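Structure record follows, encoded as structure tokens.
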Amino acid sequence: MSSAAVIVFPGSNCDRDMAVALEAALGHAPQTVWHGDSSLPKVDLIAVPGGFSYGDYLRSGAMAANSPIMREVVAYANRGTPVLGICNGFQVLTECGLLPGVLMRNASLKFICRDVDLRVERNDTVFTAGYSQGQVIRVPVAHHDGNYFADSETLAALEGDGRVAFRYCTPDGDVTDAANPNGSVANIAGILNKAGNVLGMMPHPERLADPLLGGTDGAPMFTGLAEAIAA
Amino acid sequence: MSNTAERPDDLMGLSDSEYDTILDILGRAPNITELGIFSVMWSEHCSYKSSKFWLKTLPIEGPQVIQGPGENAGVVDIGNGLAAIFKIESHNHPSFIEPYQGAATGVGGIMRDVFTMGARPVANMNALRFGSPDHPKTRHLVDGVISGIGGYGNCMGVPTVGGEVNFDPAYNGNILVNAMTVGLARTDKIFYSAAAGVGLPVVYVGAKTGRDGIHGATMASAEFDDDSEVKRPSVFIGAATTEKLLLEACLELMATDAIIAIQDMGAAGLTSSSVEMADKGEVGITLNLDHVPQRETAMTPYEMMLSESQERMLMVLKPGREDEARAIFEKWELDLAVIGQTNYSQRLVLEWQGETVADIPVPPLVAAAPEYERPWTATPPRAVIAADDVAAPDDLADALLTLIGSPDLCSRRWVWEQYDHMVMGDTVGRPGGDAALVRVHGTGKALAISTDCTPRYVVANPVEGGKQAVAEAWRNVTAVGATPLAVTNNLNFGNPERPEIMGQLVGAVQGMGAACTALDAPVVSGNVSLYNETNGEAILPTPVIGCVGLIEDVTSAVGAGFGAEGDAVFVVGETTGWLGCSIYQRDIAGGAEGAPPPVDLEIERRNGDFIRGAIRDGRISGCHDVSDGGIAVALAEMAIASGHGVEITGKPEIPVHAWAFGEDQGRYVVTCPDSEGFEAAAEAAGVPISRIGNVGGGSLTLPGAKPISVAALRDTHSRWLPEFMASRLG
């Protein structure tokens with residue numbers, strides 16, 4: 001039976017939501033692992049959830065990136081274990097060097113919580129296998145610091161390697177400034193590492209994986225992941 | 001002990017006679033620490049001395065009530081061994097002085113009240129009143145308050161699911177920030193504040209104590225003047241992450257059986273928490289202040305006892321469980337310190353640097369707290385204004401557009417998009433509907449929550465306005481299909497020492513009491529905020545009601561948009577075209593005058609019970625209550641929510657502007673797939689309904705008026721607030 005772990009930092013607050021979505025896809029609950037633990041149980045998938053780890057002190061994700069458990073997460077990632085970072089989890093993954101770039105304050109300077117449309121840029125990854133390429137999915141964002149930035153060299157590498165997983169777009173799939181909720185460069189909503197086993201994204205697919213909550217476009221990410229790690 | 005025999009010049013807000021009572025209780029003059037303790041305990045904010053007499057008249061009981069007023073929050077049974085725990089509380093004065101921190105710590109404080117009782121907070125709500133949009137401070141205050149509410153709630157990971165935002169010049173110098181939290185707990189795991197038992201360790205947990213917020217409760221009990229800005233040091237600074245850790249640590253410790261009593265340190269901090277626990281447990285408490293975790297050096301006992309530093313709790317543990325508790329709090333990186341013990345003395349004794357610095361008998365400190373039956377004069381009744389005496393608009397459609405694009409009726413999307421309203425994964429009804437709908441995690445049930453008050457009605461007729469606040473909250477909860485269980489109230493008024501203000505409070509409480517009784521919605525918790533005045537100008541009387549209801553099957557809930565194309569549209573309840581005190585009269589005809597619409601509680605109950613039953617029976621595809629702006633505004637909001645239009649067929653028998661914009665109470669607009677079945681059900685229930693059209697097309701057409709496209713409605717509705725907030729002062 002494949003297993004997943006959700007990492008919990010002081011200030012994480014989407015850990016339960018992530019666990020609920022993973023449990024629905026896996027058929028059993030993931031383990032929660034405390035940030036102070038220095039070793040991870042053997043798992044097939046690691047999720048770094050949203051929230052305000054360490055109160056976003058210093059910079060979003062900066063403190064969490066230096067916690068004992070993240071050394072283990074990095075080691076697992078380097079051995080090929082899928083690592084999914086959502087929202088603050090994405091910020092942590094950039095701060096610990098698993099992903100390039102940085103998440104700056106939203107261009108509006110306001111916290112933004114609303115549904116956005118995302119274009120699935122590729123579906124040949126463990127995270128996006130449940131979608132088709134070019135599909136437009138609707139999931140919410142809820143963040144203050146989601147304005148993705150990378151220098152032009154990094155950006156060229158990301159684009160050249162096809163490592164942009166999701167872009168903010170219109171309901172028709174057009175990537176426009178008006179569809180960009182936070183000012184992210186090239187409308188980037190989520191990126192992959194070189195090996196394709198680490199995904200960081202600002203939007204919350206785990207929040208729209210239940211029809212009662214207004215949508216299920218987030219669910220295929222988790223069912224796809226469950227299938228991939230079971231294989 | 002150092003005593004001054006002479007009466008001090010500064011009685012810290014106490015009256016001469018209150019000071020005399022202290023002399024009687026102690027048999028000597030109080031020292032400064034003791035005087036500070038009496039001062040905050042007997043402040044309006046902590047003692048409810050002006051309102052208590054009237055609050056006692058409110059209905060507080062019902063089979064669903066597990067805990068009524070008097071604890072940190074009210075508790076109602078929702079079945080399955082679960083309870084909803086909730087309360088609303090004001091943070092008006094601090095938010096005016098420092099809007100971000102004032103609002104943020106208001107949210108933090110009310111969440112603490114709820115998790116102190118063992119509940120995990122699952123929803124935050126609020127009721128906000130700002131001054132005129134033209135006032136130079138308004139934009140700054142709106143921006144700070146909204147950011148502060150979002151900043152704290154978002155970080156806590158508790159969704160902010162709804163609320164109210166309104167503007168009126170009466171709040172120019174004194175805004176209102178009322179925050180409500182709803183939590184869930186197991187009925188066999190509810191925690192109270194009575195420190196029963198002696199020889200028990202008194203334990204301080206959470207953030208360290210600093211000099212912030214000293215005498216905050218006293219500030220909250222005084223009027224403002226032009227120098228209010230200098231009170232900024234009395235506002236506390238919040239740290240939402242610390243409170244998130246405190247929440248998790250408390251809930252983890254609560255899962256054990258180590259806690260005997262727990263009380264959050266809110267207003268009046270260490271003073272009120274220790275006094276309350278000792279009084280309810282009928283014990284004494286001795287505290288050694290040297291052991292209080294301190295953020296600043298050289299703090300005096302006076303400062304420690306009166307600090308309102310945030311994110312702190314006081315607990316009484318079973319003896320020998322301190323280490324277990326410490327391990328949990330250290331895991332969550334929080335301080336835990338044993339600072340005292342309970343004993344038989346029934347006295348609060350404070351020790352500091354080897355000396356006794358305060359020694360006060362607890363029962364008289366609490367029981368002798370002043371209670372005033374202040375003189376009051378009833379608000380004179382206003383004349384009823386006939387619909388014909390309120391001018392018709394030049395153009396009905398344009399009048400509707402003006403209203404839905406106005407500051408009070410336009411979309412609040414700009415506000416609630418700054419609140420994380422989806423975290424925790426149970427927000428079924430997002431902001432913008434009648435009541436927020438939050439699923440009870442892991443069940444098929446949901447809680448419906450609404451906050452309401454119509455201050456222009458209350459100022460016109462406090463009794464009817466008080467009734468209406470309860471009725472509207474009850475109606476909003478009903479409109480999604482839920483059964484209202486209980487309410488929490490936040491009474492915001494001016495200076496109670498003025499008889500006309502006291503008369504507003506008395507009338508509003510009488511009206512609320514009548515409505516709560518008639519609608520089976522007892523008051524289980526609440527808060528009173530008086531002295532909301534600046535330079536002698538009082539706010540509009542604003543008794544806010546927060547209502548919590550339960551829907552057994554969340555999938556049966558309905559939204560506030562039109563149902564499907566072709567569904568019949570009905571107005572439920574009688575329409576007389578009451579324009580007195582309406583939004584139409586105020587914003588289009590000029591001046592909110594005359595008597596407000598009366599609330600017939602029997603009809604309110606009958607109509608609401610009918611609606612709830614019809615929703616449960618699947619007869620209704622969309623439902624929206626009729627309130628500010630009448631039927632026309634309700635139809636516009638339903639069109640915007642659903643994207644569907646409707647053409648109103650037939651001509652009303654009353655002046656059409658009165659039909660469209662009148663604010664008769666006890667009404668709903670509903671859409672029904674099976675019109676005959678619905679008509680039969682209404683007839684059987686004796687509820688008057690009128691069929692006004694069918695859902696269809698892309699426009700809303702009022703009787704005899706030009707059609708307005710749904711796109712135009714949406715555009716007008718969404719524009720004002722973001723443009724106002726983006727504009728700059730000249």
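For this structure, a couple of remarks:
- Two-site FRET efficiency, B:Asp715 against B:Ala386, from Cβ-Cβ distance with R₀ of 25 Å, rounded to 0.05: 0.10
- Report note on the peptides B:13-24, B:701-712: ranked by the mean count of other C-beta atoms within 10 Å, highest first, their order is B:701-712, B:13-24.
- Relative intensity, log₁₀ I(q)/I(0), of the stretch A:1-78 from a Debye sum that treats every alpha carbon as a point, q = 0.12, 0.14 Å⁻¹: -0.31, -0.42
- Considering only A:Asp151, A:Asp15, A:Asp115, the mean-square fluctuation computed in a Gaussian network model of chain A, springs between alpha carbons under 10 angstrom, is largest for A:Asp151.
- Using R0 = 51 Å, the C-beta based FRET efficiency linking B:Asp257 and A:Ser152 works out to 0.25.
- Using bins of 5 Å that start at zero, the share of Cα-Cα pairs per bin across the stretch B:392-468 amounts to 3, 12, 13, 15, 15, 17, 13, 7, 3, 1, 0, in whole %.
- For peptides A:48-55, B:683-690, sequence by mean Cβ density within 10 Å, most packed first: A:48-55, B:683-690
- Using Cβ point charges alone (K and R +1, D and E -1), the dipole size of the stretch A:49-129 about the Cα centre works out to roughly 140 debye.
- Environment charge of B:Asn166, counting only residues whose C-beta is closer than 11 Å and scoring Lys/Arg +1, Asp/Glu -1: -2
- Listed residues B:Thr575, B:Val202, B:Trp332: farthest to the positive end of the dipole of chain B (Cβ charges): B:Trp332
- Dividing the convex hull volume of the alpha carbon atoms of chain A by its residue count gives 109 Å³ per residue.
- Once the trypsin sites (Lys or Arg not before Pro) in DSSP loops with at most 16 neighbouring Cβ atoms within 10 Å are cut out of chain A, the longest remaining piece is A:106-193.
- Hits among lysines - C-alpha to C-alpha of B:Lys651 under 23 Å, sequence gap 8 or more where chains match: B:Lys706
- Charge dipole of the stretch B:415-488 (Cα centre as origin; +1 on each Lys and Arg Cβ, -1 on each Asp and Glu Cβ, all else neutral): 180 debye, rounded to the nearest 20.
- Computed over the stretch B:478-591, the percent of Cα pairs more than 26 Å apart is 45.
- For the stretch A:43-166, the fraction of alpha-carbon pairs in successive 10 Å shells from zero, as %: 12, 39, 41, 8
- Alpha carbon Rg of the stretch B:296-390, scaled by the compact-globule rule 2.2 N^0.38 Å: 1.98
- Cross-link partners of B:Lys467 among aspartates and glutamates (Cα-Cα below 15 Å; sequence separation of 8 or more within a chain): B:Asp452, B:Asp520, B:Asp600, B:Glu602, B:Glu604, B:Glu663, B:Asp664
- Kirkwood Rh (inverse of mean 1/r, distinct Cα pairs), the protein assembly as shown, angstrom: 29.1 Å
- Rg in Å to one decimal, and Dmax rounded to a whole Å, for the stretch A:135-231 via C-alpha atoms: 14.1, 43
- Cβ charges +1 (Lys, Arg) and -1 (Asp, Glu), total dipole of the protein assembly as shown, debye: 1520 debye
- Of B:Lys189/B:Lys331; B:Lys87/B:Lys318; B:Lys49/B:Lys318, pairs whose Cα-Cα distance is over 31 Å: B:Lys49/B:Lys318
- Listed residue pairs exceeding 32 Å between alpha carbons, taken from B:Lys56/B:Lys137; A:Lys42/B:Lys244; B:Lys137/B:Lys445: B:Lys56/B:Lys137; B:Lys137/B:Lys445
- Farthest positive-ward along chain B dipole, Cα basis, beta-carbon charges - from B:Gly162, B:Ile175, B:Ser132: B:Gly162
- Shielding of peptide A:8-19 by partners, expressed as the average count of other chain Cβ atoms within 10 Å per residue Cβ, is 5.
- Rounded to the nearest 500, the helix-only mean residue ellipticity at 222 nm of chain B stands at -10000 deg cm²/dmol, with each DSSP H run of n ≥ 4 adding -39,500 (n - 2.57).
- Cβ-Cβ FRET estimate between A:Arg59 and B:Asp134, R0 fixed at 41 Å, reported to 0.05: 0.55
- Cα pair distances of chain B binned at 10 Å [whole percent]: 3, 15, 25, 26, 17, 9, 4, 1, 0
- Dividing the Cα radius of gyration of the stretch B:628-730 by its Kirkwood radius returns 1.05 for Rg/Rh.
Each reported figure results from applying straightforward, stated rules to the coordinates on display, with no laboratory input. No experiment lies behind these values; they were computed from the predicted model shown. All Cβ positions, even for glycine, are placed from backbone atoms using ideal geometry, and neighbour counts span all protein chains on display.
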